[in-house]
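The values are calculated or read from the model by the stated rules, or taken from the named source; none is laboratory data. Worth saying up front: this structure is predicted, and the values here are computed from it rather than measured. A quick note on method: Cβ atoms are made from the backbone with ideal geometry, for glycine too, and the neighbour counts reach across all protein chains shown. What goes into the accessible areas is simple: the full protein's heavy atoms, side chains included, and nothing from ligands, DNA or RNA. Shrake-Rupley method; radii C 1.70, N 1.55, O 1.52, S 1.80 Å.
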Amino acid sequence: TFTSMTPFLFASGTNNYSAYGQQLNTDIYCLKLGTGSVSGSFTTGVLKVSGSKKLSFYAVTWKGKKATVSIKVNNGGSISGNTSIEPVANDGATGTGNPPYTIVFSDDTDYYTFNLTGLTESSTISIATDESFETAASNSNARAIMCGFQLY
């Protein structure tokens with residue numbers, strides 16, 4: 001486990017609504033946001049770093065669906081550039097919602113990087129499949145799976 005991943009582990013953060021810590025391919029930790037009817041949101045634990053950093057991760061949306069994943073920085077700091085992505089749907093993200101999912105990620109289409117600036121020791125990051133970050137929105141498309149979080 002890399003310490004840059006620790007705040008992104010489900011047990012280290014806050015399930016704002018419809019967020020789940022689950023497994024891919026039987027042994028890879030992931031964050032799943034949303035259900036078949038509502039969006040999801042998760043806030044990381046405290047990052048414990050300051051200054052400018054990059055945040056990278058793999059992300060896909062549910063098979064046959066299209067969702068937007070939004071990111072924001074809390075408690076000091078901001079994102080330079082885009083604050084949302086539209087991950088590509090993946091055939092492995094399917095079924096009744098029960099893990100393990102079998103997903104093959106592509107570096108070309110499924111890997112995303114955000115530039116974070118002005119972080120403080122108490123900064124956290126919220127990730128959501130809606131723009132409110134506060135209340136689950138009714139949306140059958142708002143499901144995404146993310147893994148491989150790195151803060152560097």
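With (1) under 16 Å from residue 77 (Cα atoms); (2) at pLDDT below 90 as the list, and residue 120 as the residue in question, which single condition is left unmet?
With (1) under 16 Å from residue 77 (Cα atoms); (2) at pLDDT below 90 applied to residue 120, the lone miss is (2).
For residue 29, only one of the following conditions fails: (1) under 11 Å from the mean Cα position of the chain (by Cα); (2) surrounded by fewer than 22 Cβ atoms within 10 Å (Cβ to Cβ); (3) touching a residue at least 60 places away in the same chain (Cβ under 8 Å). What is its number?
Among (1) under 11 Å from the mean Cα position of the chain (by Cα); (2) surrounded by fewer than 22 Cβ atoms within 10 Å (Cβ to Cβ); (3) touching a residue at least 60 places away in the same chain (Cβ under 8 Å), the lone unmet condition for residue 29 is (1).
Since residue 76 meets every condition but one in (1) open to solvent by less than 40 Å² (accessible area, probe 1.4 Å); (2) under 15 Å from residue 32 (Cα atoms), which condition does it not meet?
All conditions are met except number (2).
Tell me, which residue of segment 51-72 that is more than 12 Å from the chain's Cα centre (by Cα) and modelled with pLDDT of 95 or more is least open to solvent (accessible area, probe 1.4 Å)?
51
Residues of segment 119-139 being of a type outside the set (D, E, K, R) and exposed (fewer than 14 other Cβ atoms within 10 Å of the Cβ), which ones? Explain how you work it out, then say what you get.
Residues of segment 119-139 of a type outside the set (D, E, K, R): 119-120, 122-129, 132-133, 135-139.
Answer for segment 119-139, where residues must be of a type outside the set (D, E, K, R) and exposed (fewer than 14 other Cβ atoms within 10 Å of the Cβ): 122, 132, 135, 138.
I'd like to check something: does segment 96-103 contain any residue that is free of Cβ contacts under 8 Å to residues at least 12 places away in the same chain, exposed (fewer than 13 other Cβ atoms within 10 Å of the Cβ) and not aromatic (Phe, Trp, Tyr)?
Taking segment 96-103 first, the residues free of Cβ contacts under 8 Å to residues at least 12 places away in the same chain are 96, 98.
From what is left, the residues that are exposed (fewer than 13 other Cβ atoms within 10 Å of the Cβ) are 96, 98.
Subsequent filtering for residues that are not aromatic (Phe, Trp, Tyr) retains 96, 98.
Checking segment 96-103: at least one residue is free of Cβ contacts under 8 Å to residues at least 12 places away in the same chain, exposed (fewer than 13 other Cβ atoms within 10 Å of the Cβ) and not aromatic (Phe, Trp, Tyr).
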